[in-house]
């Protein structure tokens, strides 16, 4: 994985809600450029991040900060669209 890929993954993790990649953490590490146009390319304004996490049944592992899908969404895992 190259430098640019690592940065983009951090950006996405921030948008999705990984606690170890929050906007505050990125700013502390002088990586706030990863937040550029977050309002345009982020999760949007239809539902909150918590509503999205509840819908997708994603929980935060408080030990390591990873996100855990408690019940895999078959349509997502298999690439199906109903």
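Just so it is clear, none of the values below were taken in a lab; they were calculated from the coordinates. Bear in mind that the values here come from a model prediction, so they are computed numbers and not experimental data. Cβ sites come from the backbone with ideal geometry, for glycine too, and all protein chains shown count toward neighbours.
For the reader, a short list of remarks on this structure follows.
- Efficiency of FRET from Cβ geometry, residue 64 and residue 3, R₀ 30 Å, rounded to 0.05: 0.80
- The share of C-alpha pairs in the chain whose separation exceeds 16 Å stands at 60 percent.
- Added length on full extension, which subtracts the Cα-Cα distance from 0.36 nm per residue, residue 38 to residue 20: 4.7 nm
- Calculated [222 nm] ellipticity per residue, helices only, for the chain: -11000 deg cm²/dmol; basis is -39500 (n - 2.57) per DSSP H run with n ≥ 4, divided by all residues, nearest 500.
- If R0 is taken as 30 Å, the Cβ-Cβ distance between residue 55 and residue 29 corresponds to a FRET efficiency of 0.50.
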